[in-house]
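Notes follow once the structure below has been shown.
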Amino acid sequence: MTDISRYLVNPELTIREALQKLDANRGEILLVIGSDGRMLRTLSDGDIRRALLDNAELSDGLTVLPDKQPWTISLDDQIDEAFVLMQENGIECVPQVDGHGRPVRLLRRRDFEETVWLSSPHMGKDELRYVHEAFETNWIAPLGPNVDAFEREIAAEVGVEHAAALSSGTAALHLALVTTGVGKGDIVFCPDFTFVATVNPVLYQGATPVLIDSEPNSWNMSADALERALHEYATRDVLPKAIIIANIYGQQAEMDAIMPVAEQFSVPVIEDAAESLGASYKGRASGSFGACGVFSFNGNKIITTSGGGMLVSEDGELIQRARFLSTQAKETAPYYLHHDLGYNYRMSNVLAGIGRGQLSVLHDRVARRREINDEYRAAFADLPGISWMKDPQHSLSTHWLSVMLVDGHKFGASTDGLINYLQGLGIEARRAWRPMHMQPLFEGTDLYAHLPNDVPCSRRHFESGVCLPSGTNMTDGQLARTIDAVLSCREKIAVGA
Ligand SMILES: *Cc1c(COP(=O)(O)O)cnc(C)c1O
């Protein structure tokens, strides 16, 4: 939560001190509270202007201001009532107070007037400085000091030795496959429940994906299904060239179950950590478990460069090779010489500058996403038919997206019913990933379910999963509005509204 305390002042403050505090809060508003924490009044720029025109002095205490009954709503009120008060009285902010009259959050006009997005870019303070530096030194392209520094900083953050900054997470996955030696006709085991970009590069290489279902706890690759698949393929003498795992919605896959199985068959693991930068598993950073790991800085990810990716590995040669392939595989020679098929996949120095600024606020972003998830879980704890991904002690999820499972019968509205209802209120929610085995693109692809002869877990997660707004630039008011909308959905839909 945005700390409400930065709006609170006691009546002993002087007008000058109040103006300074208002200035620090970008002139929004102050809440004057008594010694018992109860709210006495709101205080705006306009209130002070009128007091000064009325001959008050800057050194006077706030007690000289005339009394003003504040417009507030209580915790029991629908959040929308704050907006009604704003409209009726032409005011910009309405505090919400608890049963003792103590302010708990400040609601603003824009909390109601702006769309609540699923996960939109959230810039920090330093991005523009790095971008300016790039402009001032004309390091626009190719590469440059921001790229080198961003690679070092990501490697340090994740605790691996080497990193290559690339144009997208998809490009990083593609080069992960190329440098692992995946080629035409090879088999690659892939997660079934993921975004299509995890699996597409397998097709780029002319290789064949085999889909492995999720397990019900982490929603990520089932070690049981993986083991069964490896045994079967080993019997046919066609082991996969690689196993790609994905860490969906910011949650690490169950590495203690997966890695021993992969090691038993000596198949390298490629970790698609596009959604899990900042997560950890038993104290170890997400993205650092496989032979190589992939991050994405696409616009909707926890941090963004507007578009970009990173390949990380302990293997310096692999990263060196990826850098070489990402810049057209141009050999060192006095003319243009190419032995290998290369790509144009490198990250620009301007975008790496954005990435450096974003990386410096990663931990704040993780904390806020987790807080948003906590708020949803607490608010919907008594709703029938709602359940969540497990949040085990040994795993620190970033909760990049907060995704809940909705049992339509118990809840009283289907996933699509809820999503459409929220959309009508200017709140963006989305379905969970549609599994790869349900994509026409992968029709006929071999699939190993978590429990043999059972419906794949991935299908259940798809059928009942709803991704809720999870962006870190969502205001407290917008979060409260989203929560209220979900809470009100059942009765509204039941009466056909
Ligand atoms: C976003 C994402 C990607 C692709 O990353 P881009 O940078 O958009 O190419 C790959 N895998 C997963 C799981 C993702 O969520």
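Given the chain, what count of lysine pairs have C-alpha atoms under 24 Å apart, with each pair 8 or more places apart or on different chains?
For the chain, the number of qualifying lysine pairs is 10.
Given only helices, namely DSSP H runs of n ≥ 4 each adding -39500 (n - 2.57), what is the per-residue ellipticity at 222 nm of the chain, to the nearest 500 deg cm²/dmol?
-11000 deg cm²/dmol
Pairwise over distinct Cα atoms, reciprocal of the mean inverse distance: report the Kirkwood radius of segment 403-497 in Å, one decimal place. Don't skip to the answer; put the middle values down first.
Details: mean 1/r = 0.0669 Å⁻¹.
Every distinct Cα pair counted, the radius reaches 14.9 Å.
Can you check what the net charge comes to around HIS437, using other residues whose Cβ is under 12 Å from the Cβ of HIS437 (Lys, Arg +1; Asp, Glu -1)?
-2
Count charges around ASP224 for me, please; just the other residues with Cβ under 12 Å from its Cβ, Lys/Arg as +1, Asp/Glu as -1.
-4
For q values of 0.16, 0.22, 0.28 Å⁻¹, compute log₁₀ I(q)/I(0) with the Debye formula on a Cα-only model of segment 223-294, without solvent.
Calculated log10 I(q)/I(0) at the listed q: -0.53, -0.91, -1.28.
Just to confirm my numbers, what's the Cα centroid distance between segment 284-353 and segment 140-161 in Å?
Rounded to whole Å, the Cα centres lie 10 Å apart.
Limiting things to C-alpha atoms, what are the Rg and the maximum Cα-Cα separation (Dmax) for the chain, in angstroms?
26.5, 92
Between SER488 and GLN87, what is the FRET efficiency for a Förster distance of 25 Å, r being their Cβ-Cβ separation, to the nearest 0.05?
Taking R0 as 25 Å, the efficiency between SER488 and GLN87 is 0.85.
Once fully extended, how much extra length lies between LYS125 and GLU232, figured as 0.36 nm per residue of separation less the alpha-carbon to alpha-carbon distance?
33.2 nm
Pull up the DSSP beta bridges for the chain and report the antiparallel fraction as a percent, rounded to 5. Before the final figure, lay out each step's value.
On the way: 35 of 57 bridges.
Roughly 60 percent of the beta bridges in the chain run antiparallel, per DSSP.
Roughly how many nanometres apart are two label points built 7 Å out from the Cα toward the Cβ at ASP54 and SER35?
2.6
Give me, ordered by chain and number, the residues 5 or more places off VAL210 or on other chains with an amide H under 5 Å from its own placed amide H.
Distant-sequence amide H within range of VAL210: VAL188, PHE189, CYS190.
Stretch GLU314-ASN420 to full length: gain in nm at 0.36 nm per residue minus the Cα-Cα span? Numbers along the way, then the final one.
Numbers: separation 106, 0.36 × 106 = 38.16 nm, distance 4.55 nm.
That pair, GLU314 and ASN420, stretches by 33.6 nm at full extension.
Under a 5 Å amide H to amide H cut-off, with H placed in plane at 1.01 Å, what residues pair with VAL104 once short-range neighbours are removed?
It is GLN96, VAL97, ASP98, by chain and number.
Which listed residue (ALA378, GLN320, ASN453) has the Cα farthest towards the positive end of the charge dipole for segment 316-469, taking +1 on Lys and Arg C-beta and -1 on Asp and Glu C-beta about the Cα centre?
Working it through, the farthest residue towards the positive pole turns out to be GLN320.
What is the packing order of peptides 314-327, 146-159, taking the mean over residues of other C-beta atoms within 10 Å and listing the highest first?
Output ranking for 314-327, 146-159: 146-159, 314-327.
Could you please report the charge total around ARG109, scoring K, R as +1 and D, E as -1 over all other residues with beta-carbon less than 15 angstrom from its beta-carbon?
Summing Lys/Arg as +1 and Asp/Glu as -1 gives -4.
Any read-out appearing in this document is the output of simple, stated calculations on the displayed coordinates, not a laboratory observation. Given the structure is predicted, the values throughout are model-derived calculations rather than measurements. When we count neighbours, we look across all protein chains shown, and the Cβ atoms used for this are built from the backbone with ideal geometry, even at glycine.
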